[in-house]
1. For the range 7-195, how big is the tail of P(r) above 25 Å, as a whole percent of Cα pairs?
2. Among 138, 36, 117, which one shows the biggest mean-square fluctuation in a GNM of the chain, springs joining Cα atoms closer than 10 Å?
3. Once the Cα atoms of helix 66-75 and of the chain are each reduced to a long axis, what angle between those two axes, in degrees from 0 to 90 to the nearest 10, is obtained?
4. Between 0 and 90 degrees, rounded to the nearest ten: what's the tilt of helix 7-26 against the longest Cα principal axis of the chain?
5. Compute the angle between helix 39-51 and the longest alpha-carbon principal axis of the chain, please, reported from 0 to 90 degrees and rounded to the nearest 10.
6. Rounded to the nearest 500, what is the chain's calculated 222 nm mean residue ellipticity when only DSSP H runs of at least 4 contribute -39500 (n - 2.57) each, over all residues?
7. Sorting check: for 140-151, 124-135, which peptide has the highest mean count of neighbouring beta carbons within 10 Å, and how do the rest follow?
8. Take the Cα gyration tensor of the range 51-143, multiply each eigenvalue by 5, square-root it, and list the three semi-axes largest first, rounded to whole angstrom.
């Protein structure tokens, strides 16, 4: 999976990484910053998505599409599609172009809108990556968990870097009898939940 990443995907990943670095230094000149996960988190997500049970592969919070590309890598062998949700029009436009240039439009379904309103049509989720506005995580969690297939995975980003904001979510997952959960100290901290 990682030994033979296509050059068009690598090129887009590098471009997004450079844009993220530039925005961190200079501030976003045209829109909200294109937030990226670290590469090690991307690799982690790819491996989890590759081994996830049958069901939809969902991402909430596309941004520029960097994490989506890692999810696509995890889905290539199984010929699965990634459905990703983004609410901001500027980011939707950038992500569409990224997916086109990376040659993955046949593997990505980009939904423009609020995932809280759009997720109700997905009820067999095998894998979900949650990386959106932190104040929505709790509502997203309660919407996603019942839609996971048995053995399905939910990964929520930033639970260590935003510990104060997301502590209630981690506490909820740790006491939720529907899932097994663990916080993985990779990147900015990933809450990993597996549906029982």
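1. The proportion of pairs with Cα distances above 25 Å equals 28 percent.
2. Its mean-square fluctuation being the largest, the pick is 117.
3. 70
4. Between the helix axis and the principal axis of the chain, the angle is about 90 degrees.
5. Approximately 60 degrees, to the nearest 10.
6. That comes out to -13000 deg cm²/dmol.
7. Details: 140-151: 17.6, 124-135: 21.0.
Packing order, densest peptide first, comes out as 124-135, 140-151.
8. 19, 17, 10
Since every read-out is calculated from the coordinates, none of them should be taken as a lab result. For clarity, every value in this text was computed on a predicted model and none was experimentally measured. Quick reminder, even Gly has a Cβ in these numbers, built from the backbone with ideal geometry, and neighbours come from all protein chains shown.
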